[in-house]
Amino acid sequence: MKKIKINRTIREKEYTFEITAAFCNKCGGEMGIPGLMDYNMKEIDEQYRKASDNIGG
């Protein structure tokens, strides 16, 4: 598990979010873990709210 940065456009404005991703220790490929997508959606939501509050959104 490690943090990675992704870029997403929301309402015609680009944001960079830091999410948690799981990677295989052997091959280094990204893995899907049950519940991780939900966790990342929560992380993105919290970061988006914080960013939009800072810009007066």
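Bear in mind that the values in this text are calculations on the coordinates, not laboratory data. Treat the numbers as computed from the prediction; the structure is a model and nothing was measured. Ideal geometry is used to build each Cβ from the backbone, glycine not excepted, and the neighbour counts take in all protein chains shown.
At a glance:
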{"quantity": "Which numbered condition Tyr15 fails, given (1) part of a helix (DSSP H, G or I); (2) surrounded by 12 or more Cβ atoms within 10 Å (Cβ to Cβ); (3) not charged (D, E, K, R)", "calculated": "(1)"}
{"quantity": "Whichever residue in the stretch 34-54 is of a type in the set (A, V, I, L, M, F, W, C) and surrounded by 12 or more Cβ atoms within 10 Å (Cβ to Cβ) and, among such residues, is nearest to the chain's Cα centre (by Cα)", "calculated": "Ile44"}
{"quantity": "Boolean, Arg49 is in a strand (DSSP E or B) and among the charged types (D, E, K, R)", "calculated": "no"}
{"quantity": "Residue list for the stretch 1-12, restricted to those being assigned to a strand (DSSP E or B), more than 9 Å from the chain's Cα centre (by Cα) and without any contact (Cβ under 8 Å) to a residue 24 or more places away in the chain", "calculated": "Lys2, Thr9"}
